[in-house]
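For reference, the structure discussed in these notes is given below.
The values are calculated or read from the model by the stated rules, or taken from the named source; none is laboratory data. Remember, it's a predicted structure, so these values are computed and weren't measured experimentally. Virtual Cβ from ideal backbone geometry, glycine too; neighbours counted across all protein chains shown. Surface areas here come from the heavy atoms of the whole protein model, side chains and all, with no ligands, DNA or RNA. Shrake-Rupley method; radii C 1.70, N 1.55, O 1.52, S 1.80 Å.
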Amino acid sequence: MESFWQYLSEIFRILVIQKLDFKSRCCLRKCSKSDRNFVDAIPVFLESLTVKLGFNNTARLKFKEADDSENPKFHPSSQIIEDIILIFKNQKSKAQTLKIEGFFRNHDPLTRIFLEELIAEIQENGLKLNTTHLIFWIGSFNNDEIFVELVKMLNPKTLEKISVCHGTSRKGMEILVETEQWRSLKKFSFGEIENVDVNWLLNLERIRFSVGKFLVEDIWILVQNFLNKNYPIQSYVDIYLTENADVNNMLMFLEEQNVIVKNEPISERDANTYIHTQRFTFPNEDKILLLKMNHWKIYGFVGRSSRYN
Amino acid sequence: MAPKKNSAKRPQPSTPKPSAPARIVKVQSSDGHILQADVRALLLSSTLAATIKGYDDENKPLEKLEVNNVVGFTLKLVLEWCEKHKEDDPAIAQAEKDKKNIFIPSWDRHFLTKLPMGNLFDLITAAYHLDITGLINYGCKTVANSAKGKSTEEMRELFGIPEPWEQPSTSTATWDD
């Protein structure tokens, strides 16, 4: 067998490894010690990395590069965690989206054990995971402290968005908003939050969550924040209300703030869905904040005003 | 027929353009083979372009270029590739340099995949010595593509990696079955 690969210049080997797909990198690094060293020295870039949790302390990985690739087998969690560490051990490696997908009910301990092991390994290796978007897709999870610890393991310089679907307690939010990661966040999409403090949301351009009540004073603060910070087009606030809201009360409050209250829906469908659509213009900009409201939803988004005139 | 998706991103195949008559020079390989090439094709190599410019600047006649680190067989392949791409915009190759996913046009795919792996490695090494970005890009991507879907053992066979090595850790084990 000709051993040409190992006699090639380092730069050539690096160029090939840079163009290898992730799965092939994993195989190549097992070929020889020098290949392992080469592969580990070159960062991995993944569109997304998904960890799917399984029963009996197992998990499996799915990643996306040009094509989706999913390993159908579950493996012991320790091996999966080792693979995750391996991807991020090169501090330039990045998964655009990091998704942890798990059980939809009553399996908190399994999720908790996995996260504790993952967090311990990340800490032991002194890493911060580079990802832009954390998706934590666990239907029910009551360990807010551990979730916050997971967020702390992410690089605040790259993290822009967190999406979760489970409910979060007030206490959980209070510790989350204290993290460096939250302060640099631009987008968040949460399940139900118990009792929201509007001040938590003032650094966010895209906001989606569910809550029992949301005070009209807080809506006004969000509107002003969007306008004052001149948030870009496609910014939005999307709040689902689990308790009936009083739209008339909201409109009265807006009038008290010297807003000329006028219902201007942007489509017939909207007119049927929302009780009121209020337009707020950005000074000196071709932008508008459309705030739509009904008994169960408050939805505002920034669009191009010329489009809706 | 509707244009293919992402066709705008793909490098366009070389098309002959009306241009000045070809200026042919001799190129000598490290083992003494003498070949002929159009100067426009040689300009794809930054190394040779610098040498050619040196001759032109001094108004010296360029009769023969010596390529000391590439043997005749490989040099012939290099020149064939350069001839095919002599009309290419070098900015395309530069833009693709650090990209992981690049599109290899069909002529290049055929040209590169027909080569045994050893010859392909020689060709890319020559492209590296001569600094031909486009050929390095396509060559490396061809090697990477040939490894796709192979197990560790198959890859060891493909690349001629003789060293059997038991990895002490279980890392990446989940992607190898």
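Some notes on this structure:
- Residues located in the range A:257-284, provided they are at pLDDT below 90, at negative phi, assigned to a loop (DSSP other than H, G, I, E, B) and open to solvent by 80 Å² or more (accessible area, probe 1.4 Å): A:P283
Yes/no matrix, rows are residues, columns are (1) among the aliphatic types (A, V, I, L, M); (2) in contact with a Cys (Cβ under 6 Å, 6 or more places away or on another chain); (3) surrounded by fewer than 18 Cβ atoms within 10 Å (Cβ to Cβ):
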{"position": "A:L15", "(1), (2), (3)": "yes, yes, no"}
{"position": "A:L20", "(1), (2), (3)": "yes, no, no"}
{"position": "A:R25", "(1), (2), (3)": "no, no, no"}
{"position": "A:L28", "(1), (2), (3)": "yes, no, no"}
{"position": "A:S32", "(1), (2), (3)": "no, no, no"}
{"position": "A:R36", "(1), (2), (3)": "no, no, no"}
{"position": "A:T50", "(1), (2), (3)": "no, no, no"}
{"position": "A:L53", "(1), (2), (3)": "yes, no, no"}
{"position": "A:N56", "(1), (2), (3)": "no, no, yes"}
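- Scope the range A:74-91; condition closer than 18 Å to A:R36 by Cα and open to solvent by 40 Å² or more (accessible area, probe 1.4 Å); matching residues: A:Q79, A:E82, A:K89, A:Q91
- Screening the range B:90-114 for residues that are farther than 14 Å from B:K141 by Cα and free of Cβ contacts under 8 Å to residues at least 60 places away in the same chain and picking the one that is most open to solvent (accessible area, probe 1.4 Å) gives B:K114.
- The residue that is nearest to B:A41 (Cα to Cα), counting only those in the range B:115-124 that are part of a helix (DSSP H, G or I) and in contact (Cβ under 8 Å) with a residue 24 or more places away in the chain, is B:L123.
- Scanning the range B:141-152 for residues that are more than 7 Å from chain A (Cβ to nearest Cβ) and surrounded by 14 or more Cβ atoms within 10 Å (Cβ to Cβ), we see that the one that is farthest from B:K97 (Cα to Cα) is B:S146.
- A:S267 being under 30 Å from A:C165 (Cα atoms), in contact with a helix residue (DSSP H, G or I) (Cβ under 8 Å, 6 or more places away or on another chain) and among the hydroxyl-bearing types (S, T, Y): no
- Filtered by the rule that a residue be under 21 Å from A:P232 (Cβ atoms) and among the basic types (K, R), the range A:166-208 gives A:R183, A:K186, A:K187, A:R206, A:R208.
- Scan of the range A:1-11 for residues that are more than 7 Å from chain B (Cβ to nearest Cβ) and buried (at least 16 other Cβ atoms within 10 Å of the Cβ), ordered by number: none
- Taking the range B:36-88 and the helices (runs of 4 or more DSSP H) fully enclosed by it, the elements with 1 or more residues that are at pLDDT below 90 and of a type in the set (G, A, S) are at B:46-57.
- Matching option when the condition is under 23 Å from the mean Cα position of the chain (by Cα) and in a helix (DSSP H, G or I), among A:V223, A:V237, A:V196: A:V223
- Scan of the range A:12-60 for residues that are assigned to a helix (DSSP H, G or I), more than 10 Å from chain B (Cβ to nearest Cβ) and touching a residue at least 40 places away in the same chain (Cβ under 8 Å), ordered by number: A:A41
- Of all the residues in the range B:74-89, those that are surrounded by 19 or more Cβ atoms within 10 Å (Cβ to Cβ) and farther than 21 Å from B:G32 by Cα number 2.
- Complete set of residues in the range A:177-210 that are within 19 Å of A:G139 (Cα to Cα) and among the charged types (D, E, K, R): A:E192, A:E194, A:R208
- Of the numbered criteria (1) under 21 Å from A:I162 (Cβ atoms); (2) open to solvent by 40 Å² or more (accessible area, probe 1.4 Å); (3) out of contact with any Asp or Glu (no Cβ under 6 Å at 6 or more places or on another chain); (4) of a type in the set (S, T, N, Q), the one A:N125 fails is (1).
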